[in-house]
Every structure is written in structure tokens, then in C-alpha cells.
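Can you keep this structure in mind? I'll have questions shortly.
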Amino acid sequence: FAPDKSQGYDYIIVGGGLSGLTLANRLSENPGTSVLVLEAGSTHFDDPLIDIPGNVGMVLGNSSYDWNYVTVPQPYANNRSFQYHRGKGLGGSTSINYMVWNRPAIAELDAIGGLGNPGWNAEDWFRYMRKSETFTHPEPEFAAANNLTFIPEAHGDSGPVHTSFPIFISDAQKPWEPALSELGLLRVKDPLAGHNVGIWMGQSNVNNKTQKRFSSSEAYYRPIANERPNLTVWTSAFVTKILVSDHQKEAPQSREGLLSIPGVQYQKNGETKYAYVKDRGEVILSAGFGRSSQLLELAGIGDPRILEPLGIDVKINLPGVGTGIIDQLLWGVSYELKNSSIVTLDDIKIPELKAAALAEYDANKTGLMTIGVTAYSLVTLDDLVGHRKATEMIDIQATKISRGNFSQTQKEKWNVIINGLRNPSEVGLVEISGFPAFFTTAKIGKKYLTFLGHYQFPFSSGTVHIVSKDVNVQPAMDPHYFEDNFDSQVFIESTKLIRKMARAGGFADVLGDEIDPGMRVQSDEEILEYVKNFSATAYHTVGSAQMLPREKGGVVSPELKVYGTNNLRVVDMSVLPLQFSSHPMGMLYGVAEKAADIIKSSISV
Ligand SMILES: Cc1cc2nc3c(=O)[nH]c(=O)nc-3n(C[C@H](O)[C@H](O)[C@H](O)COP(=O)(O)OP(=O)(O)OC[C@H]3O[C@@H](n4cnc5c(N)ncnc54)[C@H](O)[C@@H]3O)c2cc1C
């Protein structure tokens with residue numbers, strides 16, 4: 001093929017999710033720069049299933065919004081295949097997620113730079129995270145009544161993503177702080193300020209005035225949708241291939257002997273189409289976990305041991321593609337409330353109550369449909385097992401790592417976790433939150449509080465690789481859940497701590513019987529079986545195109561450029577080489593904002 005470069009774009013962005021739309025907005029700020037976004041899903045503007053906070057979770061499994069992936073059977077979890085929801089359509093996963101807005105601790109962000117990524121450090125990252133945000137302070141009386149605290153300087157006041165505290169807090173969550181304080185946990189004034197170990201009342205990416213979810217589409221795209229002639233966004237445009245010419249003449253292994261990418265192939269309205277970049281233009285993959293690496297592998301960029309058996313010519317030998325994935329798991333311990341007149345999200349399952357809540361929302365933007373999870377804590381290994389046992393467990397794990405037959409990179413990454421575990425005042429291990437509803441299927445009319453355990457730093461780590469040349473075949477997602485015994489111990493001990501929390505402070509008066517797993521589950525083995533059988537992904541998977549030096553298995557450089565290419569970058573969750581003790585949105589907006597500045601200042605275009 002001979003692309004007509006005069007019709008081309010400066011930037012083609014694959015995927016209109018969190019990262020893709022952040023980049024699209026920032027790169028098109030210069031009217032002289034042309035940007036094309038290709039998004040496989042729909043637009044979803046003004047869709048109440050997305051916009052209304054109380055509708056959270058309702059579109060999961062619906063293929064108009066969700067890719068509905070599944071993992072391969074997990075041998076350490078009774079061969080279960082785990083559901084793997086991922087957002088489809090403008091906003092990507094930010095249109096279907098749980099709207100939890102927080103950030104990692106300073107030490108974790110600095111650790112990313114420490115792995116060999118100059119320029120990546122907490123100070124800079126925090127600057128970009130604040131740039132993405134406009135935080136609305138809560139009303140003082142409401143804040144005082146609900147113990148909502150924050151540090152104004154930690155927040156942005158003019159960024160695209162509107163954030164706030166939820167304005168409807170279930171009474172089921174009210175005993176949270178007194179109960180957890182009784183167990184020795186300390187209050188965190190604002191977990192977005194760089195220290196997050198302890199107890200806090202959480203924030204969401206919801207616009208305080210409109211009470212609408214603020215997805216990346218609402219934040220970074222909608223305000224400029226008809227304002228910038230240099231920005232083109234195609235929805236229902238599924239990118240099927242990164243173009244890599246075999247002909248030296250047409251797509252030369254040009255500057256510095258690197259491979260150039262002339263553009264992409266995509267499908268729209270049943271037709272196969274092409275989009276090209278101008279000379280010195282770039283293709284940026286922001287297709288999210290599992291998809292960006294799929295496009296790399298299909299283009300012949302990856303591990304020959306994966307590509308050759310599928311008959312794919314290896315264009316760049318990059319064995320790190322598809323590796324280093326780390327996923328976090330969530331599991332629930334649910335209690336029935338003694339007082340069934342307390343309002344919780346369980347009410348939404350009753351049609352008359354939901355109709356009334358929607359009417360109130362439509363009229364006043366108040367009530368149950370504005371509900372959010374507010375009760376959070378981040379606990380350490382010391383909190384779980386006490387300092388002596390924690391030190392013992394860490395020492396055993398550290399010895400296993402140093403003596404084991406693992407790659408240097410793997411050891412280095414695990415040692416970051418070990419250092420975190422040894423500094424519990426800086427880095428937490430398990431988030432425990434109070435979700436005002438049953439985790440799975442409730443008995444209608446009953447009310448529940450579910451303590452959600454959410455393990456932040458699993459040692460188990462896996463892969464995602466293509467199994468077919470057909471882009472429509474989902475890659476094999478294999479997070480190796482429960483492979484590492486340390487992880488299993490954390491699941492067991494956290495469940496025990498949750499049970500203590502549920503009987504502490506004011507919870508004794510509020511919570512009735514434990515329904516799930518129920519008191520018949522007692523031994524360590526029984527608890528672990530429960531977690532294996534009923535946990536779910538937290539949807540925070542990192543890895544598969546890790547930002548690391550190439551010799552350490554890296555796929556992208558600190559400038560997020562794919563090694564061996566001139567003009568191909570990855571900007572999304574796939575580039576992160578480590579997990580974080582926070583939900584990823586806040587952190588990832590920082591990555592995408594920084595990436596935009598890196599790209600603008602690079603000489604490619
Ligand atoms: C159910 C759920 C709940 C979550 N809850 C929270 C939460 O409460 N708080 C939090 O901080 N984070 C949460 N997350 C995680 C967070 O939303 C994601 O980490 C983040 O959105 C990832 O951003 P991304 O840019 O990597 O990918 P995405 O935002 O997922 O965007 C990728 C986009 O690429 C598109 N795409 C994929 N392949 C192609 C292709 N071949 N051609 C064209 N387009 C393509 C997709 O359709 C999608 O729109 C949740 C995620 C999920 C799924």
C-alpha cells in the first residue's frame with residue numbers, strides 16, 4: 001500500500017477511554033495539530049445507565065458497554081474462569097466503573113522511576129494528577145455531620161475531571177470510623193495527598209452540581225466535541241491492525257534504524273478502512289489492558305515463541321509484550337443489618353423504591369441515586385497479623401525471592417513490594433471498604449453492609465497473549481491468581497480482620513448475622529476456599545506493555561515509545577510495571593496528562 005500522507009493525521013489514537021481521550025484533548029489543544037481517535041464502542045452521551053451514580057454496576061455484562069472478557073481457568077483457584085469486565089465506548093472503563101477516586105502513596109510512585117524510568121517520580125506525577133481534577137468542597141455542615149475531611153492543596157481546582165464527596169451516605173456506613181479506630185487504625189485526613197494508610201471517607205468522580213458521573217468522555221471530550229475542527233473522533237471504529245510495511249522503501253527502517261508505522265486498519269459499518277499518519281506522525285495505542293498488547297502482537301511486535309507458532313512474522317523481537325500482568329482481587333464479607341429501614345443500595349432492587357429514587361434524582365439531584373461508597377481503610381500487614389508475625393512473613397518471602405530462580409526484573413519488582421511491607425506507615429497492603437449492599441444476590445427487602453477486601457500488592461503475576469491471528473478472538477488473560485502462597489495468607493488474615501471490624505464499636509448495634517461466607521466458614525482452609533470461589537477482579541490490571549528498560553523486559557521507554565519503533569507509543573494501564581495501593585483512575589489521568597506533554601515536546605511531529 002502507498003498511503004496518501006497528505007490526508008493523514010499527526011496523531012492516531014486507538015481507543016477513546018481514559019487515556020485516549022485525555023491525550024486527544026491535550027494534543028488537539030494546538031489547532032495546527034490533527035488528531036484522530038478510533039473507538040470500537042458507541043458514544044453513550046446522556047445515557048442514564050452511565051451518568052446516574054446509583055446505577056453503578058447495571059451495565060456490567062451488557063455487550064453495548066462491556067467487552068465481557070473472561071480469564072483462562074485459574075489452576076490455583078479451582079480452575080475458575082473469572083469475569084473480566086472492561087468498558088467499551090467513549091470513556092472506556094471510566095464510563096462503567098465504580099467511581100472511586102483516590103491516589104497511591106508517594107513511595108509507590110517514586111518506585112516506578114526507581115525501576116529504571118528516569119523522569120517518573122511522585123512530585124511530577126502529583127502535579128499531573130492535580131492538573132486533571134476539579135474538586136468541589138463539600139458543604140461545611142454536611143462535612144461536619146459526616147466527618148468528611150480533605151486537604152485543599154492536594155486537589156486540582158481547574159482540571160477536566162469533576163470530583164466530590166458523595167452527597168448520600170448510608171447510615172450503615174456511619175459506625176465505620178469509631179469501629180475501626182477501636183482496632184487501632186488511624187484517621188487519614190485526605191488519601192489523595194500522598195499518605196493513605198488508615199481510615200478515610202472517600203471521594204468520587206461525580207460532579208457535585210449535576211450529580212453526574214464524570215467519565216473521561218464527559219471530562220476531556222464532551223466540552224470540546226464540536227469545538228475543534230482538528231479533532232476527529234470515530235465511534236464504532238474497531239482497529240484491527242497496526243500497519244507495518246514489509247517494504248523497506250515504503251515504510252523504511254528509517255531514522256536510527258527503527259520501524260515506522262504508517263497507520264492503522266479499522267472496521268466501521270462493516271467496511272475495512274485505513275487511517276494514516278503524516279510524515280513524523282504517530283500512532284498511540286490506548287486500547288486498554290489486553291487490547292493494546294494484542295495489537296502489538298498481531299503486528300509482529302512481541303515474543304517469537306508466541307508469534308511464530310501462529311504464523312506471524314516477527315518484526316520486533318520484544319519478549320516483554322504480554323508479560324508482567326498483575327491483577328488485584330476483591331472479595332466480600334456481608335452482614336445483614338438489624339434495622340431493615342436503613343437505606344442502602346439494596347433498595348434499588350425494589351422497583352417502587354427505585355422509581356421513587358429516580359424521581360427524586362430527576363427533580364432535585366438528591367437521594368439514593370447519588371449514593372457512593374464512602375467508608376474506606378487501607379491496612380498493613382502489621383494490622384493483619386501483628387508486627388512480629390508480619391516481620392517473620394516478610395523475611396520468609398524475601399528469602400524465597402532472593403534464593404529463587406526468578407528473573408532479575410521479577411526480583412526487583414517484588415523487592416519493591418517487600419520494601420513497602422517493611423515500611424507500613426508509608427505503604428498499605430489491603431483496602432477494606434464498607435459497601436452498603438449485598439455483594440452478589442441479596443434477599444429482596446433485607447439490607448446489608450458488605451466489607452470488601454481488596455488486596456493491593458499481589459505477588460502472583462501472569463500474562464496476556466494472543467491465541468489467534470484473528471483480532472476478534474480474545475487474548476488469553478492469565479493473571480495466575482493465588483499462585484503465590486503469601487497472597488493466600490493475606491486473603492485469610494484480611495478476612496479475619498474484617499470479622500473483627502464487624503464486631504467493633506457501633507457496628508455491634510447495627511450489624512446482624514454474617515450472611516456470606518457465614519460462620520460455618522472458620523478454618524484457614526475454609527476461608528481461602530471461599531475467597532477462591534467468590535472473589536472477583538477489581539479491574540485494575542497493570543502490565544503487558546511495561547515501561548521498563550528494554551533489557552529488563554520493557555516494552556515502552558520512559559517516553560512511552562515502543563522499543564524498536566519510530567512512531568508508536570502505548571499510553572494506558574498496560575504500561576505500568578507495578579500495582580498501586582489505590583484505584584487507578586486518579587493515578588492514570590496523571591500518566592496520560594504527563595504523556596501528552598512528553599509527546600508534545602518530542603520531535604516526532
Ligand atoms: C467495572 C470496573 C470498575 C472499576 N472501578 C474503578 C473505580 O472505582 N475507580 C478507579 O479508579 N478505577 C476503576 N476501574 C479501573 C479504571 O476504570 C481503568 O483502570 C481505566 O479506565 C483504564 O484506562 P485505559 O485508558 O487503560 O483503558 P479504558 O478506559 O478501558 O479504555 C480503553 C478503550 O479502548 C477501546 N478499545 C479497545 N480495543 C480497541 C480497538 N481494537 N479499536 C478501537 N478501540 C478499542 C475500548 O472500547 C475502550 O473504550 C474500574 C474498571 C472497571 C472495568
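Hey, with R₀ at 35 Å, roughly what FRET efficiency would Glu153 and Thr391 work out to, going by the Cβ-Cβ distance, to 0.05?
Working: r = 35 Å, r/R0 = 1.01.
After rounding, the FRET efficiency stands at 0.50.
Using 1/(1 + (r/R0)^6) with R0 = 22 angstrom and r between the beta carbons of Ser468 and Asn317, what's the FRET efficiency to the nearest 0.05?
0.60
In whole Å and largest first, what semi-axes does the C-alpha gyration tensor of the range 5-153 yield when each eigenvalue is scaled by 5 and square-rooted?
Taking √(5λ) for each Cα gyration eigenvalue gives 27, 26, 22 Å.
Can you compute the helix-only [θ] at 222 nm over the chain? Use -39500 (n - 2.57) per DSSP H run of at least 4 residues, normalise by all residues, nearest 500 deg cm²/dmol.
Details: 16 runs with 160 residues, N = 605.
Result for the chain: -8000 deg cm²/dmol, rounded to the nearest 500.
Taking amide hydrogens as modeled 1.01 Å from N in the peptide plane, which residues meet the under 5 Å criterion relative to Val233, leaving out close sequence neighbours?
Val37
Here's something else I'd like to know. Which entries in the list Lys189/Lys365; Lys469/Lys600; Lys209/Lys532; Lys189/Lys411 go over 31 Å, if you measure between the two C-alpha atoms of each?
Working: Lys189/Lys365 27 Å; Lys469/Lys600 34 Å; Lys209/Lys532 41 Å; Lys189/Lys411 34 Å.
As for pairs spanning more than 31 Å Cα to Cα, those are Lys469/Lys600; Lys209/Lys532; Lys189/Lys411.
Taking amide H positions as placed in the peptide plane 1.01 Å from N, state which residues far from His540 in sequence (5 or more) or on other chains have amide H under 5 Å from it.
Long-range HN contacts for His540: Gln328.
Over the range 265-312, what is the relative contact order in whole percent, taking alpha-carbon pairs under 8 Å and six or more residues apart?
Numbers: 20 pairs, mean separation 8.3, N = 48.
Result for the range 265-312 is 17 percent.
How would Glu133, Glu412 line up from fewest to most surrounding beta-carbon atoms within 10 angstrom? Don't skip to the end; give the middle numbers.
On the way: Glu133 26, Glu412 17.
With the fewest neighbours first, Glu133, Glu412 line up as Glu412, Glu133.
Within the chain, what is the longest stretch that has no trypsin sites (Lys or Arg not before Pro) placed in a DSSP loop and near at most 10 other beta-carbon atoms within 10 Å?
Working: sites that count: Lys209, Lys249, Arg520.
That gives 250-519 as the longest site-free run.
Over the range 372-503, what is the mean sequence separation of C-alpha contacts under 8 Å (at least six apart), divided by residue count, expressed as relative contact order in percent?
Details: 154 pairs, mean separation 31.5, N = 132.
In percent, rounded to a whole number, it is 24.
To the nearest 20 Debye, how big is the dipole of the range 465-605 about its Cα centre, given +1 on the beta carbon of each Lys and Arg and -1 on that of each Asp and Glu? Mind dumping the intermediate values first?
Values: 13 positive and 19 negative charges, 134 e Å.
Its charge dipole is roughly 640 debye.
Ratio of alpha-carbon Rg to the 2.2 N^0.38 Å globular estimate for the chain, to two decimals, please. Provide the component values of the computation, followed by the final result.
On the way: Rg = 23.6 Å, N = 605, 2.2 N^0.38 = 25.1 Å.
Compared with the compact-globule rule of thumb, the chain sits at 0.94.
Taking Cα pairs under 8 Å and at least six residues apart, what relative contact order does the chain come out at, in percent? Intermediate values should be presented prior to the final figure.
On the way: 1419 pairs, mean separation 136.8, N = 605.
It comes to 23 percent, rounded to a whole number.
If you don't mind, another one. Size of the dipole of the chain about the Cα centre, Lys and Arg at +1 and Asp and Glu at -1 on the beta carbon, nothing else charged, in debye to 20? Before the final figure, lay out the partial values.
Values: 54 positive and 66 negative charges, 132 e Å.
Rounded to the nearest 20 debye, it is 640 debye.
While we're looking at this one, here's another question. Which listed residue (Gln456, His480, Phe439) has the Cα farthest towards the positive end of the charge dipole for the range 429-506, taking +1 on Lys and Arg C-beta and -1 on Asp and Glu C-beta about the Cα centre?
Phe439
Rule-based calculations on the coordinates, nothing more; no lab input. Quick caveat: nothing in here was measured; it's all calculated off a predicted structure. Every residue, glycine among them, receives a Cβ derived from its backbone with ideal geometry; neighbour counts consider all protein chains shown.
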